[in-house]
Amino acid sequence: MNTHEEDHPWLHRTVRDIATRGEGELTAIVHEQAGTRTVRIAHIRPASGIEWTTAANNVQLVR
């Protein structure tokens with residue numbers, strides 16, 4: 001699998017995953033090859049420390 005990390009302005013800020021309504025720190029946006037297309041995956045770490053991933057389009061900045 002070919003991946004690379006994106007420099008995103010919300011890195012290390014609190015975000016919300018609209019799919020799960022979970023909130024945490026955005027730790028990375030990674031581009032991954034899925035067959036013939038590239039998908040953007042967000043990595044979010046809440047206070048519990050157990051990180052999860054979601055589609056990058058599901059991420060909203062918490063103000």
From the residues in region 37-62 that are of a type in the set (Val, Ile, Thr) and open to solvent by 30 Å² or more (accessible area, probe 1.4 Å), which one is nearest to Val15 (Cα to Cα)?
-> Val62
In region 15-36, how many are more than 11 Å from the chain's Cα centre (by Cα), open to solvent by 40 Å² or more (accessible area, probe 1.4 Å) and not acidic (Asp, Glu)?
-> 8
For Glu5, indicate whether it is of a type in the set (Asp, Glu), modelled with pLDDT under 95 and part of a strand (DSSP E or B).
-> yes
Say we look at region 23-54 and pick out the residues that are in contact with a Lys or Arg (Cβ under 7 Å, 6 or more places away or on another chain) and either of a type in the set (Gly, Ala, Ser) or part of a strand (DSSP E or B) (or both); which of these is farthest from His4 (Cα to Cα)?
-> Glu23
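The values are calculated or read from the model by the stated rules, or taken from the named source; none is laboratory data. As the structure is a prediction and not an experimental result, all values here were calculated from the model. Note that we place each Cβ from the backbone using ideal geometry, even for glycine, and neighbour counts take in every protein chain shown. Quick note on the areas: whole protein, heavy atoms, side chains included, nothing else; ligands and nucleic acids left out. Shrake-Rupley method; radii C 1.70, N 1.55, O 1.52, S 1.80 Å.
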